[in-house]
Structure formats: C-alpha cells, structure tokens
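The values are calculated or read from the model by the stated rules, or taken from the named source; none is laboratory data. This one's a predicted model, so the numbers in the text were calculated from it and none came from an experiment. We place every Cβ from the backbone using ideal geometry, glycine too, and count neighbours over all the protein chains shown. SASA here: full protein model, heavy atoms, side chains in, ligands and nucleic acids out. Shrake-Rupley method; radii C 1.70, N 1.55, O 1.52, S 1.80 Å.
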Amino acid sequence: MGSLQQVAVIGTGVFLGALIIFLLAALFPQVTVRLGEWLIARLLPSRFQENVSGLMHKFLDGLASLRSPLNILMVFVTSVIIWLLETGKYWFVMHAF
C-alpha cells in the first residue's frame, strides 16, 4: 500500500507542477514566447522550427482563457461538477451490480 501512496503523492506533485507552469505561461505570454522560440531555435532542426513554433503559438492562444481569474474559477467549478457527476455515475453502476 505504501507504493500506491507514493505514486499518488508523486502524481499530485507532477500535476500541480504542470498546472503552475500552464498558469505562468498564460499570465506571461510574451516571456513564454521568447523562451519557447529560444528553445525551438536551439533544440530543433530548421525544417521543424516553423511548424513547432506555430503549434506553440496556437497552444498559448488557447491558454489565453486562463488569464482571467473569473475564467479560472469557472473552469475549476465546472471541472469539479463534472468529476462529481462522473463519480456518482460509477457509484450507481457499482450498486447496480
């Protein structure tokens, strides 16, 4: 049982780390673009740079909705409701069997 708890703790840490990175990328898009362009220029062959840069810009455009605290709250509340409904569905299925 200890290893399962360890996996849960590590998974939670990875999830929270990714969440913080996404929120920082949404809050500071110019810095993220500069850093991303620098990494793309250094790490990728020139034939892939334009495509990857385009993907990065589209991804950052998608993160724009996380710049508003109201939108973040709405995403959080909606996610909690969806997960609770999903859990309830499985609870009913469990009792049906």
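Against the criterion of being modelled with pLDDT of 95 or more, part of a helix (DSSP H, G or I) and either surrounded by 11 or more Cβ atoms within 10 Å (Cβ to Cβ) or of a type in the set (A, V, I, L, M) (or both), Val9 does not qualify. Each residue in the range 58-84 was checked for being closer than 17 Å to Thr32 by Cβ and open to solvent by 70 Å² or more (accessible area, probe 1.4 Å), and 4 pass. Pairs meeting the criteria (first residue in the range 47-73 and basic (Lys, Arg), second residue open to solvent by 100 Å² or more (accessible area, probe 1.4 Å) and outside any helix (DSSP H, G or I), beta carbons under 6 Å, at least 6 apart or on different chains) are lacking. Of all residues in the range 53-74, those being in a helix (DSSP H, G or I) and closer than 11 Å to Ala26 by Cβ number 11.
Only residues that are surrounded by 11 or more Cβ atoms within 10 Å (Cβ to Cβ) and free of Cβ contacts under 8 Å to residues at least 12 places away in the same chain: list them for the range 21-46, please. Once the filter is applied, which keeps residues that are surrounded by 11 or more Cβ atoms within 10 Å (Cβ to Cβ) and free of Cβ contacts under 8 Å to residues at least 12 places away in the same chain, the range 21-46 yields Ile21, Leu24, Phe28, Val31, Arg34, Leu35, Leu39, Ala41, Leu44.
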